[in-house]
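Quick note: the coordinates plus some simple rules give every number you see, no bench work behind them. Everything quoted here is computed from the prediction, not taken from an experiment. When we count neighbours, we look across all protein chains shown, and the Cβ atoms used for this are built from the backbone with ideal geometry, even at glycine.
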Amino acid sequence: MATGSEKLDQIVERLKTTADPKRRYEYVLWLAKKLQPLADEFRNDAFKVKGCVSQVYVVGQLREGKLHWQGDSDAAITKGLLALLIEGLEGLDPATAAAIDPAFIGETGLQASLTPSRANGFLNILRMMQAQAKALAGG
């Protein structure tokens, strides 16, 4: 199943072909460590993901027609899920990002290891990013 993002497809493929749930978790935590720190100016309600148990912030910016993302979370796993989405949606045009079918989340095999609230948070982060993409595109 192709998402429309080559990077996201690669991440999904990597997770899908990892049989051990612990290895998937380790990969997500590794992504979290790679995430750049988020400036305090973005830590406000405008960028806060609703419906997440942890504090999650995500900021999309449009430069030369391409999306660039930043974000942070106070929980390691959630930060990793955010990092996964940031990496997967980085550099896309807003229409492509907005059109990504959340069904790819099922392909990753991560739900099996996530609590229902974390799985829901993952979807909420994606929805927030898509809403920002649409807003940045002027739609």
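Each residue in the stretch 55-87 was checked for being under 22 Å from G138 (Cα atoms), outside any strand (DSSP E or B) and not acidic (D, E), and 3 pass. Beta carbons closer than 6 Å, at least 6 apart along the sequence or on distinct chains, pair a first residue in the stretch 31-52 that is under 26 Å from K7 (Cα atoms) with a second that is of a type in the set (V, I, T) and assigned to a helix (DSSP H, G or I) for V49/I125.
Across the stretch 106-123, the qualifying residues are those that are among the hydrophobic types (A, V, I, L, M, F, W, C) and crowded, with 21+ Cβ neighbours inside 10 Å, and the one among them that is farthest from L85 (Cα to Cα) is L114. Return yes when T108 is β-branched (V, I, T) and touching a residue at least 40 places away in the same chain (Cβ under 8 Å) and no when it is not. Yes. Taken together, the criteria exclude V28 from residues that are crowded, with 16+ Cβ neighbours inside 10 Å, in contact with a strand residue (DSSP E or B) (Cβ under 9 Å, 6 or more places away or on another chain), closer than 16 Å to L126 by Cα and among the aliphatic types (A, V, I, L, M).
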